[in-house]
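Worksheet: one structure, shown below.
The values are calculated or read from the model by the stated rules, or taken from the named source; none is laboratory data. Keep in mind the model is a prediction, meaning the values are calculated, not measured. Neighbour counts run over all protein chains shown; Cβ positions are idealised from the backbone, glycine included. SASA here: full protein model, heavy atoms, side chains in, ligands and nucleic acids out. Shrake-Rupley method; radii C 1.70, N 1.55, O 1.52, S 1.80 Å.
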Amino acid sequence: MLCHPSSAIERSPGRDVPRVFVVDVRVLSRPVVIDTVSYSVCSAADRPRCDRRLTGMNAAADGYGSSCIMSMSLDGCGKEQLKTQFVTREGVYKLLTLATYSRPNRIGYNVQTNTSVRVSFVGYSSSDSNGNNDRMCFNIGRELYVFYYKGTKKGADLTKPIDKKLYKGISPTCHDFNSTAITEDSLPLIVGFSTGLLQLIDPVRKDVSVLFNEEKIIDKTKVTCVKWVPNSKHLFLASHASGQLYLYNETFTCGTTTPSYQQVKSGEGYTVHTCKTKSTRNPMYRWLIGGDYNSINEFAFSPCSLYLAVVSQDGFLRVFHYDKMELIGMARSYFGGFLCVCWSPDSRSLKLLNKVDPVRSRYIVVGGEDDLVTVYSISENRVIARGQGHHSWVSVVAFDPYTSTPPSMEPCLPGYYRLGSVGHDTQMCLWDITDDILHHVTLVSPLPVTSKQNGVVNNVKHNANANNVQKQTQDPMRLIGTTACPRFDQCPRLEPLICKKIAHDRLTALIFREDCFVAACQNGYVYTWARPGTITSLNAHLVSDPNSTMSSLDLPSLNSTSAV
């Protein structure tokens, strides 16, 4: 790859690596500067906007050369071979090549146009006659598969799925098992689709198939995330690219006419409506967050089930008390949207805490299009750290509860959290969030005071509608330099413990389990990496030669081999 001082780098949304092209600055009517963070070309007239996105970093014409070097380091070895193991302070993590799941027949799979590969797990308290107590679901293109998941014990047998479905004209985009309602004879699974459709299926009973929003009269946009409400057998939440979040009851119907809504709550940047009908029907509630067509990219319930964290394309993390429908905190990205969110694993202990300090030792981590991992503390209502290690969008963040040692309730006993992240740069990063980071104090400005600061208005009788959401949010740039979005020199910067290329296409899933972690990538593979100490003489055959490397061309032959 050749670069010269008049080159520029542009990254297209959804691409895992930058693409380089040559620009002759002599043919441009105005001087240009380089936005070295987002890899785009900005005109001089747009310089103030670019400066804001750079958040204080200098960008000038002489940045062309350094941008080219960055591009070559990211894209120069685009097909480098992938190592099958890496080392951390705990020991060696090893890829179990014979425990890799994928679709049995890969003909016709288009990596670029298909939806992201997602993975869902559910576990039974007791195993079946074959020793299987975990079920796994993943989507690839227009297909959906449910398998027994054997972890590090046995290899993947792709010839014996519990259930598989091929859809026509639509693609699954997200799914979630109902861990509260599962029995030996029932395995409820809710699936969201690219057209806004939702389907409840049961891979065990096979005769269950309930459709929601079938006529697209509720929402016509893609379902971006779907989850069962914790401890509920019938309620689930679904978010859409339209910026709407809907609460469904799987025992209710959706009706045949367009729903009519009435507002029940509102606050800064959101409104909540209920379905206005004489008889109960779906959706039970509709949340509009951040304005129309501000895609909600992901949401997550806290382990204590009291709170809901929502990240959206407007670059905001919003934290709600779920039952009260109240906004209790927010954070903002430097630019672009937040794509993923997760909660620290110690949140379960919150129910035991007193009312004086109800959210101590609880953290939320988000990632997105600013290529950063952002750590947010609810008890302090501020961003406390940022992790810089990815070279492209961060698609998934997840805490590792089996490696983390959360701080004790006694302040004299330190602890740390282990965090994992994967992104469009095909890299996996591991981070240690230590006690000194969690208690680091910096002076930043508080959130701007508004008439509805973090407030919730029971405003049923006032004139309010969905369009007011955008007005309430005001200019998001006002949060730069505040506790919701401190500048780089105002909060600690994390460096990754390790950063490894583990796939040839963008990574779309990361789940930590007791004996392994599971990662999925856009080319349709679900990998199992064994934790240190879990490889014995009984499962050593699942690991490839530790001195070897693998490429994407090797995997189909590996997947065709079953080790049961």
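Structure data summary
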{"read-out": "Pairwise FRET efficiency - HIS440 versus LYS220, Cβ, R0 = 56 Å, nearest 0.05", "value": "0.75"}
{"read-out": "Inter-probe distance in nm under a simple model that places probes 7 Å from Cα toward Cβ, at ARG281 and ARG478", "value": "4.0"}
{"read-out": "Segment SER179-LYS206, extension gain: residue separation times 0.36 nm, minus the distance between their alpha carbons", "value": "7.9 nm"}
{"read-out": "Sites GLN388 and SER186 - FRET efficiency at Förster radius 41 Å, r taken between beta-carbons, to 0.05", "value": "0.35"}
{"read-out": "Segment SER126-THR405, extension gain: residue separation times 0.36 nm, minus the distance between their alpha carbons", "value": "97.7 nm"}
{"read-out": "Other-chain or far-sequence residues with amide H under 5 Å of GLU326's (modelled H)", "value": "HIS321"}
{"read-out": "Nitroxide proxy distance, nm - points 7 Å out along Cα→Cβ at GLU514 and ILE498", "value": "2.2"}
{"read-out": "Two-site FRET efficiency, ILE162 against GLN262, from Cβ-Cβ distance with R₀ of 41 Å, rounded to 0.05", "value": "0.45"}
{"read-out": "Label-point separation in nm, THR253 to ILE170, each point 7 Å along Cα→Cβ", "value": "1.8"}
{"read-out": "Under Karplus coefficients 6.51, -1.76 and 1.60, residue-wise ³J(HN,Hα) of the stretch 187-199 in Hz, glycine/proline x", "value": "9, x, 9, 9, 10, x, 10, 5, 9, x, 6, 10, 9"}
{"read-out": "Under 20 Å from the ASP323 label point (7 Å along Cα→beta-carbon), backbone N, the stretch 223-253", "value": "228-237, 247-249"}
{"read-out": "Portion, in percent, of the accessible area of the stretch 193-268 that falls on carbon or sulfur, probe 1.4 Å", "value": "48"}
